[in-house]
Amino acid sequence: IFRVSCVMASGKEHAATTSGDEKKGGLRGKLKKVVLAYSGGLDTSVIVPWLRENYGCEVVCFTADVGQGDVELEGLEKKAKASGASQLVVKDLTEKFVGEYIYPCLRAGAVYERKYLLGTSMARPVIAKAMVDVAKEVGADAVAHGCTGKGNDQVRFELTFYALNPELKVVAPWREWDITGREDAIEYAKKHNVPIPVSKKSIYSRDRNLWHLSHEGDILEDPANEPKEDMYMMSVSPENAPSKPEYLEIGIVAGVPTSINGKDLSPATLLTKLNEIGGKHGIGRIDMVENRLVGMKSRGVYETPGGTIMAAAVRELESLTLDRETMQWKDMLALKYAELVYAGRWFDPLRLSMDAFMETITATTTGSVTLKLYKGSVTVASRKSPYSLYREDISSFENGEIYDQADAEGFIRLYGLPTRVRAMLEKGI
């Protein structure tokens, strides 16, 4: 379900967007209408007049609600119009984000480079797809984003644009303009009468959505520095977490969570609740140095409290429902799946095909897992499934009718035959 809010500037203001240089084109060419990924921050605020000046175009600002919080969405309509945009479109994508992007990755067990649960990577394609949809709705011939030329996000946005509408032109101001930093951006904003955001500038570069909160920059740029405790926003320090553990029963159907303690919840509501609970217990803090797609290494700190709980629950239930060969193939494919998502190839046929595989093999991953949360740790307390491949009558140390321990001798002789043959060769037997 989308919440769509469209705000049109007044007739006089709107007329201004299609006059002067915009009729003739801009300094860098002519575009008719551009849909801009808009946050309301300094960078995207100055991109609006920059696009009009350099491409002589009407600018439609687009903001996606992917659970970043109401604070980041406040006052966007007024800011967009004041910056020169003709229209602001806001779409609530939270349920779609969790149900159609996070859950497939969760089901696949996708983790990038052993730690990263792909928070930003999963959010970019859902936003970019919505931008393509909005471009069609408003008749735009181009899209634009505020990603820098050093990061992964530029790739994620643009591969989605290419996959869904290759006819759209893409404008990436950070790869074109002469603005080199915050002071240049402020000067440009003043020159073009763009209101400068008055919010306190964070020393960290952050990205927040319903799945996670990432932190980069400042002291984190030196991997030798420990993060400061006041940096964290979604979780308490494990040392300050409650001294009494909390038990949670997570209900799972076909590889994705559906309930908490027996109560069915929508994907976004369930994740919101687990973020609250996990954050209270200091769950889900990750500090890693990762290999960016563009070649450099980057240090980031991630808070993913609810996601960490979900991933643990699904993994533990799979230990009951997946056989050895299936689990091994799933784990191998999960590495590639995570790589594709990290690299922005969400709409790639390979990922879609792998997704079909993951959906098939997790069809019986249904049941419940009880987890124990305590001072930053998540441990399993109970696993149950009507499709469990675990049988106590077979696994028991007592002899049973199905498993005869005497059968193991013949199995070992055949299974170990290649090993025996090689040893015989080496010893000349």
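The values are calculated or read from the model by the stated rules, or taken from the named source; none is laboratory data. Everything quoted here is computed from the prediction, not taken from an experiment. Glycine also receives a Cβ, built like all others from the backbone with ideal geometry; neighbour counts cover every protein chain displayed. Just so you know, the surface numbers come from the protein's heavy atoms only, side chains and all, with ligands and any DNA or RNA stripped out. Shrake-Rupley method; radii C 1.70, N 1.55, O 1.52, S 1.80 Å.
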query = Over the range 241-332, what is the relative contact order in whole percent, taking alpha-carbon pairs under 8 Å and six or more residues apart?
reply = 23 percent
note = Longest principal axis of the chain (C-alpha) makes with the long axis of helix 182-191 (C-alpha) an angle, in degrees to the nearest 10, of 30 degrees
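Can you tell me which of 275-282, 382-389, 359-366 comes out highest on packing, and rank the rest after it, using the mean Cβ neighbours within 10 Å?
Values: 275-282: 20.6, 382-389: 14.1, 359-366: 17.8.
Result, highest mean first: 275-282, 359-366, 382-389.
Could you give the length gained by full extension between R422 and A254, i.e. 0.36 nm per residue of separation minus their alpha carbon distance, to one decimal place? Provide the component values of the computation, followed by the final result.
Details: separation 168, 0.36 × 168 = 60.48 nm, distance 4.43 nm.
Using 0.36 nm per residue and subtracting the Cα-Cα distance, I get 56.1 nm.
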ask   = Counting Lys and Arg as +1 and Asp and Glu as -1, what is the net charge of the other residues whose Cβ lies under 15 Å from the Cβ of D407?
value = -2
inquiry  = Probe of 1.4 angstrom, ligands and nucleic acids ignored: what's the accessible area per residue over the range 52-164, in square angstrom?
reply    = 33 Å²
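With an 8 Å Cα cut-off and a minimum separation of 6 or more residues, compute the relative contact order for the range 205-384 in percent. All intermediate terms of the calculation are to be shown ahead of the outcome.
Working: 315 pairs, mean separation 53.9, N = 180.
Dividing the mean separation by the residue count of the range 205-384 yields 30 percent.
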message = Helix 417-427 against the longest principal axis of the chain: what's the angle in degrees, Cα atoms only, rounded to the nearest 10?
response = 80 degrees
key: Ordering of 400-408, 36-44, 326-334 by packing [mean C-beta count within 10 Å, highest first]   = 36-44, 326-334, 400-408
request  = Whole Å is fine, so just give me how far the alpha carbon centre of the range 391-429 lies from that of the range 202-281.
outcome  = 46 Å
task = Could you rank the peptides 71-77, 106-112 by their average count of other C-beta atoms within 10 Å per residue, with the highest value first?
result = 106-112, 71-77
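By its C-alpha gyration tensor, with a ≥ b ≥ c as the square roots of the eigenvalues, how is the chain shaped: rounded for a/c under 1.5, else prolate for a/b larger than b/c, else oblate?
Numbers: a/c = 2.31, a/b = 2.04, b/c = 1.13.
It is prolate, given that a/c is not under 1.5 and a/b is the larger ratio.
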ask   = Hey, with R₀ at 56 Å, roughly what FRET efficiency would R28 and S266 work out to, going by the Cβ-Cβ distance, to 0.05?
value = 0.80
ask   = When Lys and Arg each count +1 and Asp and Glu each count -1, what net charge do the other residues less than 12 Å away from M234, Cβ to Cβ, add up to?
value = +2
At R0 = 30 Å, FRET efficiency that the Cβ-Cβ distance of E229 and E183 yields, to 0.05 = 0.50
task = Would you work out if the range 205-384 is rounded, prolate or oblate? Take a ≥ b ≥ c from the square roots of the eigenvalues of the alpha-carbon gyration tensor; rounded if a/c is under 1.5, else prolate when a/b is larger than b/c, oblate otherwise.
result = oblate
request  = Keeping the other protein chains in place, figure out the carbon and sulfur percent of the accessible area of the chain, with a 1.4 Å probe.
outcome  = 53 percent
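Compute the signed sum of charges (Lys and Arg +1, Asp and Glu -1) over the other residues within less than 15 Å, Cβ to Cβ, of V421.
Details: positive: R413, R420, R422, K427; negative: E426.
Neighbour charge sum, excluding V421 itself: +3.
With every protein chain left in place, what is the accessible area per residue of the range 205-384 in square angstrom, probe 1.4 Å?
Values: 8190 Å² over 180 residues.
Spelled out: the 1.4 Å probe surface of the range 205-384, per residue, equals 45 Å².
If I take R0 = 30 Å and measure r between the Cβ atoms of V380 and E359 in this structure, what FRET efficiency does the formula 1/(1 + (r/R0)^6) give, to the nearest 0.05? Working shown, then result.
Values: r = 24 Å, r/R0 = 0.80.
Efficiency computed from Cβ-Cβ geometry: 0.80.
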